[in-house]
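Take a look at the structure below.
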Amino acid sequence: MDLGGTNLRILRVRVVDGNLEVLNAESTPITTEIKQGTGERLFDHIAARLGDFPVPQDLQGETLPLGFAFSFPCEQNQIDQSILIRWTKGFNCSRVEGKDVVTLLREAIQRTRNMNYNIGPVVIVNDTVGAMMSCGYNNPSCEIGMIIGTGTNACYMEEMRNVRRVEGEEGRMCINTEWGGFGDDGSLKDIQTEFDVKVDETSINPSVHIFEKMISGMYLGEIVRLLLVRLAEDNLLFRGRTWQALRTPFTFETKFISEIEEQDDGLVNTRRILTELGLERELVDCAVVRLVCETISSRAADLCAAALATIVNRIRTNRGLSHLNTTVGVDGTVYRRHPKLSSRLQEKVVELAPMCDITFFDTDDASGKGAAMAAAVVQRLARQ
Ligand code: BGC
């Protein structure tokens, strides 16, 4: 199961001899009411979706292990326990912060009456860890997981001797960087624009996850909208007119940026989107809107590249290598759907980390599949 920023995905997966097969999958959006309601309502909703999920006859009454990709900052001391530190990505469910989400999920499953199978051991991982795990199965050199979707984050394998909070010097351990929270101490002030500041101030979690608010799908469309309003106010766009639609927060969706930047000489998509938004435009306005989208998405790619370059350079120097070959498992709608962001990011990383050769590997449902992998491993160890 994968609770990302926008949807809840449930997959039934079979792992045999290292091969993972998705047998069936369902996705439901998480509405704003649920995102901002009580924790009980959120977990009842999740339990109800698990209950509705069709399992074949031969599995009814059986106990299935559950891999749970839970994409929020957590304090995790055990594989089946994860304490939510704080919500991000527009979630603000009450009475969950500071609590173990696996316990909340189990309590909700007990409340629901419509399950015709049982949930056995629950293995919880961050979505970046899921992405790294599912990529790592086929690519042993994968030691980084990255998400650029509704939110953004990365995890990587760190040498144990550098992990001060855990005893032991041998081997490696996965670190969830929560890089979305970079800048929360003011360190990004120099590069934040007035639009970034506004996006942060008007969000439901001001001063939190500043880096994420410059990069991820939840915010990119809104940054573009604020920039367009400013250009119109300065008489550089739409002959100085700002319509109500343009003034309404979140009317410019992040998916519009991807559509506008698609290979499209006649600016057909841009014209269509502006018309649908009710904005009267000339051809030059369309060209400016496209330029704004390109500017904002390239900046997002560059910022992610800078963060990723920092990680690969760190891994390389930690190991005393002059050259590092590594693989990154990636997931997230922005990375996968935007026509240019992934190539821009990859070019930029080469520039910033010239002594590292990085292969990027993205797959459908990487986080959910990786969570399933983790559950399969834990199940096997328990049997042994
Ligand atoms: C969360 C991370 C998550 C990322 C990508 C961020 O808002 O804090 O835990 O990995 O979004 O989903």
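The values are calculated or read from the model by the stated rules, or taken from the named source; none is laboratory data. Remember, predicted model here, so these are calculated numbers, not experimental data. Cβ coordinates were reconstructed from backbone atoms using ideal geometry, including for glycine residues, and neighbour counts include every protein chain displayed.
Residues in region 145-175 that are out of contact with any Gly (no Cβ under 7 Å at 6 or more places or on another chain) and closer than 18 Å to Ala372 by Cα were compared, and the one that is modelled with the lowest pLDDT is Cys174. Looking across region 127-167, just one residue is among the β-branched types (Val, Ile, Thr) and free of Cβ contacts under 8 Å to residues at least 12 places away in the same chain, and that is Val166. The residue of region 200-228 that is nearest to Val292 (Cα to Cα), among those that are more than 14 Å from the ligand (Cβ to nearest atom) and small (Gly, Ala, Ser), is Gly221.
Kindly indicate whether Ser27 is small (Gly, Ala, Ser), crowded, with 16+ Cβ neighbours inside 10 Å and outside any loop (DSSP other than H, G, I, E, B).
no
Meeting the requirement of 2 or more residues that are more than 30 Å from Gly18 (Cβ to Cβ), the helices (runs of 4 or more DSSP H) wholly within region 270-384 are 283-318, 341-352. Applying the condition of being in contact with a helix residue (DSSP H, G or I) (Cβ under 8 Å, 6 or more places away or on another chain), of a type in the set (A, V, I, L, M) and in a strand (DSSP E or B) to region 1-24 and asking which residue is nearest to the ligand (Cβ to nearest atom) yields Leu3. Going through region 158-184 one residue at a time, which ones are more than 21 Å from Ala301 (Cβ to Cβ) and either within 16 Å of the ligand (Cβ to nearest atom) or β-branched (Val, Ile, Thr) (or both)? Correct list: Val163, Val166, Cys174, Ile175, Asn176, Asp184. For region 323-378, the candidate set comprises residues that are under 21 Å from Asn24 (Cα atoms) and surrounded by fewer than 19 Cβ atoms within 10 Å (Cβ to Cβ); within that set, the residue that is farthest from the ligand (Cβ to nearest atom) is Val377.
Quick one: is Glu97 modelled with pLDDT of 95 or more, charged (D, E, K, R), surrounded by fewer than 16 Cβ atoms within 10 Å (Cβ to Cβ) and within 16 Å of the ligand (Cβ to nearest atom)? For Glu97, the condition - modelled with pLDDT of 95 or more, charged (D, E, K, R), surrounded by fewer than 16 Cβ atoms within 10 Å (Cβ to Cβ) and within 16 Å of the ligand (Cβ to nearest atom) - is met. Phe53 - would you say it is more than 15 Å from the ligand (Cβ to nearest atom) and either of a type in the set (Phe, Trp, Tyr) or at pLDDT below 95 (or both)? Criteria met by Phe53.
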